[in-house]
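K.L.:
Please read through the structure below; I'll follow up with questions.
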Amino acid sequence: MANPIAIRMGGYGPPTTGFSRALKFIGDVLTAEFGDRIDVKYVWNIMDFGYRAEDILWLVEDGVLTLGYQSSSYLTDRVPALGFVDLPFLFATRDQARAAMDGALGRCLGEAIEGKVNYRILGWFENGFRHISNRLRPVHTPDDLKGMRIRVLPSEVQARTFALLGCEPLRMDLTEAIERIKAGTIDAQENPFANTVTYGVHKFHRFHTVTNHFYISRPIFLHRPAFERWPQDLQRAMQAAIKRAVDFQRELAIEENREARAAILAAGCEITELTAAELAQFRAAVAPLTQEARGTYGSKLFEMV
């Protein structure tokens, strides 16, 4: 019998997260169908082995891992079109965002990634809407953010967004951000509630504000040469398994968000819900960036939203 086809899947979170559980879902589906024709193994959290979160990108591109995921913002320097989905307040609802990423917008951005990086993009996990947390004070308006040092993802669009809101944005990898949050050398961060709790940020940040300022997806990428060497039945099965896993992960994300909110409150933190008037001030502050983006990205991408 020929040697089994090795499939190595990795991420950067504990095995209990929805992302890790979705990887296991994929592996279980494939193993049930292909048995000893494949050999599936997992690296749930590459940061446990001394890697940075961003290293998942080259680990898959170079074929050390077969499959991984990462927030699209980490690829914006190499794939500028991805800056479009870093725009603030681009999506109004979760359903709108999911439909766009599953439709023409997701296909367009996937093709843009494949044109620049040695990946095959087979779907988009949901990282979801993001909120601001900080260690200094409650945040109701952009004025409350003035001068705060805030960690942002490695995206120029995100950095400019928070500069317009009055912050001092600091682009950095998750690994460094966690260390600096613990040390108190940065004041704020922005993340979905589930990420905030997964990485223990709520133990250091008392103040949390529901802003929904970005909706971020995580492309699911495979090492393209490995994928293309597979027999056609395995390629089709992987595509089908990922489609099912995306639905599975997105449902988990809703429950994870609910549980994370409860954990934040249980830790003695405050969650501020903005009024319509307060939220309008955030939108107004970043409006110049959206206006500029219409010239940068053109009307086609906006129509896909």
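K.L.:
Criterion first (in contact with a strand residue (DSSP E or B) (Cβ under 9 Å, 6 or more places away or on another chain), of a type outside the set (S, T, Y) and closer than 30 Å to A276 by Cβ) does R180 satisfy it?
P.N.:
Working: in contact with a strand residue (DSSP E or B) (Cβ under 9 Å, 6 or more places away or on another chain): yes; of a type outside the set (S, T, Y): yes; closer than 30 Å to A276 by Cβ: no.
Answer is no for this residue.
K.L.:
Can you pull out every residue in the range 39-78 that is within 21 Å of T296 (Cα to Cα) and surrounded by 18 or more Cβ atoms within 10 Å (Cβ to Cβ)?
P.N.:
Residues satisfying the conditions are S72, S73, Y74, L75, T76.
K.L.:
Only one of these conditions is not met by T161: (1) touching a Pro at 6+ places or on another chain (Cβ under 9 Å); (2) of a type in the set (V, I, T); (3) surrounded by fewer than 23 Cβ atoms within 10 Å (Cβ to Cβ). Which number is it?
P.N.:
Just one mismatch for T161, condition (3).
K.L.:
Out of the range 83-108, which residues are in contact (Cβ under 8 Å) with a residue 60 or more places away in the chain and under 20 Å from R224 (Cα atoms)?
P.N.:
Result: G106, C108.
K.L.:
Any idea which of (1) in contact (Cβ under 8 Å) with a residue 60 or more places away in the chain; (2) open to solvent by 10 Å² or more (accessible area, probe 1.4 Å); (3) farther than 27 Å from F25 by Cβ; (4) out of contact with any Pro (no Cβ under 7 Å at 6 or more places or on another chain) is the one S155 doesn't satisfy?
P.N.:
(2) is the only condition that S155 fails.
K.L.:
Let me ask something else. Go through the range 5-20 residue by residue and tally those that are in a helix (DSSP H, G or I) and either among the aromatic types (F, W, Y) or within 19 Å of N118 (Cβ to Cβ) (or both). Outline the logic, then answer.
P.N.:
Of all residues in the range 5-20, those in a helix (DSSP H, G or I) come to 18-20.
If we keep only those that are either among the aromatic types (F, W, Y) or within 19 Å of N118 (Cβ to Cβ) (or both) too, we end up with 19.
Residues flagged as in a helix (DSSP H, G or I) and either among the aromatic types (F, W, Y) or within 19 Å of N118 (Cβ to Cβ) (or both) within the range 5-20 amount to 1.
K.L.:
If you scan the range 161-204, which residues turn out to be part of a helix (DSSP H, G or I), under 19 Å from the mean Cα position of the chain (by Cα) and of a type in the set (G, A, S)?
P.N.:
Matches in the range 161-204: A177, A194.
The values are calculated or read from the model by the stated rules, or taken from the named source; none is laboratory data. Every value quoted in this text rests on a predicted model; they were computed, and no experiment measured them. For neighbour counting, all protein chains shown are included, and Cβ atoms are generated from backbone atoms with ideal geometry for every residue, glycine included. Calculation scope for accessible area: heavy atoms of the full protein, side chains included, ligands and nucleic acids excluded. Shrake-Rupley method; radii C 1.70, N 1.55, O 1.52, S 1.80 Å.
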